[in-house]
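Chemist: There's a structure below that I have some questions on.
The values are calculated or read from the model by the stated rules, or taken from the named source; none is laboratory data. Quick caveat, the model's predicted, so the values are computed rather than measured. Neighbour counts run over all protein chains shown; Cβ positions are idealised from the backbone, glycine included. The accessibility values were calculated without ligands, DNA or RNA, using every heavy atom of the protein model including side chains. Shrake-Rupley method; radii C 1.70, N 1.55, O 1.52, S 1.80 Å.
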Amino acid sequence: MSGIDWEALRARAVLAAKSAYAPYSGLHVGVAGLVDDGRVVTGCNVENASYGVGLCAECTMAGQLRLSGGGRLTAVACRSGAGDLLMPCGRCRQILFELGGGSCLVDTPSGILPMTSVLPDAFGPADLP
Ligand code: THU
């Protein structure tokens, strides 16, 4: 879809999951995002003994996006270390919406969908005064 190499993006997500720190849930999560300049940025979950402050893979990817030059996310794939497709949690959908907008494509169990479908009627920058 859209000339995007989804298999390569999924493979990068699985590879990123190998770096996960997930001693509490045991779920190793990796995410890969295609940036509008052609870069691929990745992230992995980083858990914490204070469970609630653990970081989702999308959060660390957001940092990588900014640290490696910024830009807009155009496509995102999230996978477990075992290769299973995972959907971004609600909070992470908001983070992806901020950095990719409504047209950013997401790999979902229902196929490749835009953020407008993954997070309908999203609150976003346009809602601020
Ligand atoms: N997790 C993510 O990394 N991204 C998501 O979008 C959903 C959940 C992580 C958080 C936690 O480390 C583990 O998955 C189990 O919830």
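Chemist: Rounded to the nearest 20 Debye, what is the dipole magnitude of the chain about its Cα centre when Lys and Arg each give +1 and Asp and Glu each give -1 at the C-beta? Mind showing how you got there, number by number?
Modeler: Numbers: 9 positive and 11 negative charges, 52 e Å.
Using Cβ point charges on Lys, Arg, Asp and Glu, the chain gives about 240 debye.
Chemist: As an exercise, take the mean of 1/r over every pair of distinct alpha carbons in the chain, invert it, and state the Kirkwood radius in angstroms.
Modeler: Details: mean 1/r = 0.0690 Å⁻¹.
Every distinct Cα pair counted, the radius reaches 14.5 Å.
Chemist: Using the Karplus equation 6.51 cos²θ - 1.76 cosθ + 1.60 (θ = phi - 60°), what ³J(HN,Hα) coupling, rounded to whole Hz, does each residue of the range 91-99 give in order, writing x for Gly and Pro?
Modeler: Result, rounded to whole Hz: 4, 6, 4, 5, 5, 5, 5, 4, 9.
Chemist: Hey, another quick one. For an R0 of 30 angstrom, estimate the FRET efficiency from the Cβ-Cβ distance between Ala8 and Cys89 and round to the nearest 0.05.
Modeler: Details: r = 24 Å, r/R0 = 0.80.
About 0.80, to the nearest 0.05.
Chemist: Considering only the other residues whose Cβ falls under 13 Å of the Cβ of His28, what net charge follows from Lys and Arg at +1 and Asp and Glu at -1? Don't skip to the answer; put the middle values down first.
Modeler: Working: positive: Lys18, Arg79; negative: Glu47, Asp84.
Result for the local shell: 0.
Chemist: Can you find, among Met61, Ala77, Ala126, the residue farthest towards the positive end of the dipole of the chain? Put +1 on the C-beta of Lys and Arg, -1 on that of Asp and Glu.
Modeler: Toward the positive end, the furthest listed residue is Met61.
Chemist: From the phi of every residue in the range 66-75, what ³J(HN,Hα) in whole Hz does the Karplus formula 6.51 cos²θ - 1.76 cosθ + 1.60 yield, where θ is phi - 60° and glycine or proline is x?
Modeler: Couplings: 5, 5, 9, x, x, x, 10, 6, 10, 7 Hz.
Chemist: Next question, about the same structure. Please report the carbon-and-sulfur percent of the accessible area for the chain; probe 1.4 Å, protein heavy atoms only, DNA, RNA and ligands left out. Each step should come with its number before you reach the end.
Modeler: Numbers: 3750 of 6610 Å².
Ligands and nucleic acids excluded, carbon and sulfur reach 57 percent.
Chemist: Starting from the Cα-Cα distance between Leu27 and Phe123, subtract it from 0.36 nm times their residue separation and give me the gain in nm to one decimal.
Modeler: Numbers: separation 96, 0.36 × 96 = 34.56 nm, distance 2.90 nm.
My answer for the length gained is 31.7 nm.
Chemist: Rounded to the nearest 20 Debye, what is the dipole magnitude of the range 54-127 about its Cα centre when Lys and Arg each give +1 and Asp and Glu each give -1 at the C-beta? Display every interim value, and only then the final one.
Modeler: On the way: 5 positive and 6 negative charges, 34 e Å.
Its charge dipole is roughly 160 debye.
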